[in-house]
Structures are given as structure tokens and as C-alpha cells.
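Colleague: Before anything else, here's the structure in question.
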Amino acid sequence: MSRGKVSDIVHSNVGAMIVNIALAYLLFMLTRVVFALENYTTFIPQLTWASLWTVLKGALVFDTSAIMYLNIVYIVLTLFPLHIKETDAWHRAMRWLFVITNGLGLAMNLTDSVYFKYTGRRTTMTVFDQFGAENNLLGIFMTELWNHWYLLLIFAVMIFLLWLLFVTPRLKVYRTGLQYYGSQALSLLLALVLAVVGMRGSVTAGTKPIAINHANRYASRPVEASLVLNTPFSMIRTIGKKAFITPQYIDLALMEATYSPIHCPDTVPPLATGKNVVVLIVESMGKEYMGYFNHDIDGYNGYTPFLDSLATRSLTFTHSFACGRISMDAMPSILCGIPMMVETFFLTPASLNKIEGLPLHLDKMGYTTAFFHGGHNISMGFNAFGHAIGFERYYGLDEYCAAPGTAGMDDFDGKWAIYDEPFLNYTAGVLDTLPQPFMATVFTASNHHPYSLPEQYSHGELGDNGSLPIHRTARYTDNALRLFMKHAAKQPWYENTVFVITADHTNLTDHARYQTDLGLYEVPIMFFTPDGSLPAVTRDDVVAQHSDVTPTLLALLGYGECYVAFGNNLLDTSPEDSWAFNYNNGVYQLVTSDYLLQFDGEQVTGVYAWRTDPLLHTNLVGKVDTTTAEQKLKALIQQYMSRMNEDRLTDVEVG
């Protein structure tokens, strides 16, 4: 074929469209490379050539879907069989359309390469609910733009390539009459068929379109599903989607017999009747930053000397896990026993269900309840959710700035909240005035991106800044907690209080153990009673999780009614019956006393002896019997989904 003939084909409507779509594929794949490199420790060290090839095959499937969605208008307008479109103006409009739509997709992918560090998954449409009430997003975005200037440069280069390499059909190629209209109509029909197949991800009639969880078919670890996916697909496929769909794994009788979230008054005498409760949810304080949990790492002392000391005086659980990866997952898990499953609970319509959290339960026992968070009062939806679960009082940035004796906005970190030290000092003062018994939840904020510190601590005054930016803010927050507890220890309410210390989720990691599918959820859970009501021991035998906090506290305090919570009373659960649950990129994870079970909604995909194989190197699927654990996980999922969809989160009737 002559060069002129090839050029004519390339510059025909069909040829130009094919070349341009191929360009979109190439740039999408390059953003995936950037995504992997930006999150190097999460992906690269664990990838083998075999797993990389599988990831790339899956990536083509999901990129095809996203690219077809983004370019369907461009395809139709390019091939539509009307000769009126064969003008320079029309072709210039097609170039602009192509660059804008695909540029938006590339921007989503590059942005998510940064945001992934804090969520552990590709962004979905819930991001608009998550940050819809924030009024500081522009400042945060500009800071990220400054910190990741190279991503802006990469984006600019990609936009330039989209514009430069865009192939414009040549007017001289076209014919008039039946040949033109017939060829264009046939090309459009074929293109639409292929586009629909690409969007659906399958050529098999009757099958459902691919969804986010299908990415796990191409991933050797759940976290690698994010490498298979792209952000435009994740956004598009979650528009208007129902988060909770009740499966029919087992019949109702077997489900109730296998697992029930109903808790009734414990037979064990309460150990802390009438005591105050202070739940400290420490932003991003994963176990990796605490030396107490990492004696096996040579020469590593961590960055939290105070929390390490407190762990030796508390009922502490060596194997304790968050139920989610973002702050919004922590409140329902810790204060209501509602773990994150599929989507963040209070970003779904189910959040309008009738719910009863720890504050409502304790209100029935005469408790004063208060929630403290130094961010804007609408930040993260904490105020609204706190009100829904029964907190009588809310103390946020507005209350802090209005309080006498504070520095007001001078103590604001410029992005999210009042710095921890002044806000915890303010919190301690408010607690001194609350009628007893009280239940207070304190959600700290400083140990968070962009990891800024007050000027007096910005030059290493608290010690080694460590290898990650979060290490210095972990030191700062640890010291702020020390000062808070020092103040509390001088108050008459202190000895009569149960303190719970945990983190909302993990964050940046340095060590391989905390980069696994299980390590990504490892947070401390500690119960501290100054008067020694609870033993100061470290439990290595029991598996603990966020959703165990409410059942444990209610048992401690002698709560006398039945309630719903998807967790255990850690004081009255045998090691073999303890468990933890989390949802990892479309995969349900159940941690039992012996195994980590991974289930994609249809089949078990992973089984690991996590105690002896902490890096999860050996998948034991088919080699060990996990029938009981699998049935329990299915019953848990089915109970959760059915109660969400039927508004039965307060229903304590069996069946």
C-alpha cells in the first residue's frame, strides 16, 4: 500500500478516530505508571512479572470502559453521516472536545495518585458528599499543587500531546453521495456496538456490566485493584448506585444461627458502673508510629513516647484493626458498632435510618454527652452525624474561637482545624465543667496532611522528625495528648473515668508489615482506667476492632438493654471467637484468631495464616478448611446489608 493511501486512511474520519482513541489509551496507561510510582511502596515491591501482566490486562478492560464513556460524544459527532460536518470549524470543535474530555480523565487519574495515600482506593462519587461541606478545599488543593508540582507538569505535557498529536480528518479525502453516507453510517453503527461492548466490559449478552469489584479478578492483592482501575471509571460507575444490596448467601435461619449483631445485657458483672467515658480518636495514629507495637523492628523506637507509656498501663490489644481507611468510617465503627462496608455509612441513604450510638445508650443511663473536634463545625459531617447518634453538645472551631482565654483563629492550622495542643487544652477545660457522669469523644486533627506544626515546634523541638512527614506530627500529637492527660490527672473526675485510645485509620508507612492488606488497618485500641478497674495487660490472643469499642464499653458500664452492633465485648469473648472485619477495594476481609479470609462477594480469593505469615506471602486457598469462617463472613455481610436496606439497625428482634 502506498504512503499516500495509508495517509488517506489515517486522515479519514474512521482512521483519525482510531488514532486519537489509541492516543487516549496510551496516556491513560501512562497515568497508571505515575499512580504506581507515586505510591511506590504500596505496589512496586510486591509486583511480580506475572502479576504485572495480569494487572495490565485488567487495566485495558477498565480503561476501555472509561475511554468509551469519555469519548462517546466525540465518536458519534465524528462519524455521524451528515456531510455538513466536513468543515474546518467542525473538526476544530472535535479537537477541543477530545482534549477537554480526555484531559479531565487524565486529571482525575493524576489527582488520585496523591489522594490514594489517604483512602487506599480509587475515588468514587461519594467524594462530593465527603467534602461537600468543606470550605477550605481551594487552599488544600493549592497546597497539594505546590507539593506535587511535577504532576502538574506531567498533566501539562499530556494536554499538549493530546492537542499536538490529535489527527484531524482531511477534507480532500471525502467523497459525496451514497458511498460517503453509507460508509459513515456503517462505521458509526460498528463503532457504537464496539463502544457499548467496551463500556460494559464484555461481549457476552445477558451479563452485567463490569463494576469496581470486578477489578479484583486481575489483582493478586485487593489493594492492586486500584492499580487495575482508573478514576474516571470509578466515578462514572458509582453515579446513582445503591451501596447496599442484600445477598442471599444462606437462608435466614442459618444466618441468624451463624451470626447475629444483637447484644443483650451481659451476665458478667460490670466493672465500671457510673464511670465517665472519654474516647480519644487520634487522627492517623496507626500502630506503625508507636514503638510499643514494634519491638521486632531493630533499632525502632517509634514517635509516641507518651502513648507507648500509656499502653503499658492499659488493657491493650496487640492485634487491633480499624474498620475503614478514612475518618468518616471511624465514627460509625467506634461509636455505633457499624463498620464500613462498600461505602462510608453516613454518605449513604442508610444514614437516614434509625440508629442508636453510644451517646444515645448512655443518655438513658443519665450521662451528659459531648463531642469535640477542632475543625469547622460542618467539617466531615461530624456535627450532623454526632447529633443523629445522640450527642447533646458539640464543641468545634466555632465554640473554640468564642471561648474566653483561647487564641481563636490564631491557633488554626490554616487548612483543617485548631492545632491539637491548644484544642486539647480547651477540651480538658470544658470536661472539668461537664456534669458527671459524662461521655465525651475527642477527635484530634493535627496528625494529618499537610503535616504542619505550630511555629514553636517546627524545628525539631520534640525530637527526631523521622523519615516521613507524618512522623513529626505524630510526635506533636503524642505530646499534646501527654499534656491533656497531665491536666486531666489533676481533676476530680479523672480517677472515675474510662479512657479509650484509638486511631481513626492508618496513614503513610515505612515498613512492609503495615503495607499489606491487613497492615493497612492496624491501629491501637487501648482501655485505660486510672483507678485500675481494668487490668493493665496486653492481650495477644484476642483480635480486636473498632466496632468492638461500643459493646465493650456498654458491658463495662452495665448497660441494661439489648442493642445492635457489629462487634464483640472484648472482655467476654474467647480468643477463638474474636474477629475483625474490613472492606478492602471490593474485597471483604475477615480476621479470625488464625486466618485472614478474603472474599470478593462470590468466592474466597485469599486465606493467610497472618500470625506466622505477617507479610501475607503464602495464599492458602484450597489448602486449609475455612468453611466455618466463610459462613460467618457471609452471615455478617447478609445481616449488615439486610438491616441497612430494611431500616433495622435498632431492631433487636431475631428473624
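The values are calculated or read from the model by the stated rules, or taken from the named source; none is laboratory data. What you are looking at is a predicted structure, and each value in this text was computed from that prediction instead of being measured. For neighbour counting, all protein chains shown are included, and Cβ atoms are generated from backbone atoms with ideal geometry for every residue, glycine included. Ligands, DNA and RNA are excluded from the accessible area calculation, which covers all protein heavy atoms including side chains. Shrake-Rupley method; radii C 1.70, N 1.55, O 1.52, S 1.80 Å.
Colleague: Give me the distance in nm between label points sitting 7 Å out from Cα along the Cα-to-Cβ direction at Asp510 and Val157, one decimal.
Modeller: 3.1 nm
Colleague: Here are several values of Cα extents along the principal axes in Å: (i) 92, 59, 47; (ii) 82, 65, 50; (iii) 104, 76, 47. Which one was derived from the coordinates shown?
Modeller: (i)
Colleague: On to the next question. In whole Å, how far is the Cα centre of the range 57-86 from that of the range 255-282?
Modeller: Measuring centre to centre over Cα atoms gives 55 Å.
Colleague: Just the number please: accessible area per residue for the range 557-600, 1.4 Å probe, all protein chains included, in Å².
Modeller: That works out to 26 Å² per residue.
Colleague: So how far, in whole Å, is the C-alpha centre of the range 571-630 from the one of the range 94-124?
Modeller: The range 571-630 and the range 94-124 have Cα centres spaced 33 Å from each other.
Colleague: Looking at the chain, do any whole DSSP H helices span at least 20 angstrom along their long axis by alpha carbon and average 1.6 or above on Kyte-Doolittle, and which?
Modeller: 13-38, 149-165
Colleague: What figure in square angstrom, to the nearest 10, would you give for the accessible area of Ser467 with a 1.4 Å probe?
Modeller: Near enough 80 Å² of accessible area.
Colleague: While we're looking at this one, here's another question. Quick one: with all protein chains in place, what share of the accessible area of the chain is carbon or sulfur, to the nearest percent (1.4 Å probe)?
Modeller: C and S atoms contribute 62 percent here.
Colleague: Convex hull over the alpha-carbon atoms of the range 584-655: what's its volume per residue in Å³?
Modeller: Each residue corresponds to 117 Å³ of Cα convex hull volume.
Colleague: Got a sec? What order do Lys117, Lys490, Lys287, Lys364 fall in by accessible area at 1.4 Å, biggest, i.e. largest, first?
Modeller: Lys490, Lys364, Lys117, Lys287
Colleague: Which of the aspartates and glutamates could a cross-linker bridge to Lys85, judged by Cα under 19 Å and excluding same-chain residues fewer than eight apart?
Modeller: The qualifying aspartates and glutamates are Asp8.
Colleague: While we're here: Amide H to amide H, which residues 5 or more places from Val498 or on other chains are under 5 Å from it, using H placed in the peptide plane?
Modeller: Asn276, Val277, Val278
Colleague: Then there's this: Considering Cα pairs under 8 angstrom that are at least six residues apart, work out the relative contact order of the chain and quote it in whole percent.
Modeller: Reported relative contact order: 19 percent.
Colleague: A further question follows. With r as the distance between the Cβ atoms of Ser260 and Leu190 and R0 = 60 Å, compute the FRET efficiency 1/(1 + (r/R0)^6) and round to 0.05.
Modeller: The calculated FRET efficiency here is 0.65.
Colleague: Follow-up question, since we're still on this one. In the chain, with Lys and Arg counted as +1 and Asp and Glu as -1 at Cβ, which of these residues, His148, Thr506, His83, has the Cα nearest the positive end of the dipole, that is, farthest along it?
Modeller: Result: His83.
Colleague: Can I ask one more? Ordering Cys323, Cys401 by accessible area with a probe of 1.4 Å, largest first, what comes out?
Modeller: Accessible-area ranking of Cys323, Cys401, largest first: Cys401, Cys323.
Colleague: Let me ask something else about it. How many percent of the alpha carbon pairs in the range 18-80 exceed a separation of 15 Å?
Modeller: That fraction is 59 percent.
Colleague: Once each part is reduced to its C-alpha centroid, what is the distance from the range 429-489 to the range 341-413 in angstrom?
Modeller: 19 Å
Colleague: Can I ask one more? Take the cross-link list Lys287/Lys634; Lys242/Lys415; Lys57/Lys623; Lys117/Lys287; Lys275/Lys490 and give me the ones stretching past 21 Å between alpha-carbons.
Modeller: Pairs exceeding 21 Å: Lys287/Lys634; Lys242/Lys415; Lys57/Lys623.
Colleague: Can you pull out the cysteines in the chain that have no other Cys Cβ under 4.7 Å?
Modeller: Cys323, Cys336, Cys401, each lacking another Cys Cβ under 4.7 Å.
Colleague: Tell me, what is the percent relative contact order of the range 483-525, built from C-alpha pairs under 8 Å that lie six or more residues apart?
Modeller: Taking the mean separation of contacting Cα pairs over the length of the range 483-525, I get 36 percent.
Colleague: Another question about this same structure. Just for the Cα atoms in the range 227-335, what are the lengths along the principal axes, largest first, rounded to whole Å?
Modeller: 47, 47, 27
Colleague: What residues qualify as long-range amide H neighbours of His319, i.e. H under 5 Å apart, gap of 5 or more or another chain, H built at 1.01 Å from N?
Modeller: HN-HN under 5 Å from His319: Ala544.
Colleague: Nothing charged except the Cβ atoms of Lys and Arg (+1) and of Asp and Glu (-1): what's the magnitude of the dipole of the chain about its Cα centre? Round to the nearest 20 debye.
Modeller: For this selection, approximately 3120 debye.
Colleague: Calculate the dipole size of the range 455-527 relative to its Cα centre from +1 charges on Lys and Arg beta carbons and -1 charges on Asp and Glu beta carbons; express the result in debye to the nearest 20.
Modeller: With only Lys, Arg, Asp and Glu charged at Cβ, the dipole is about 240 debye.
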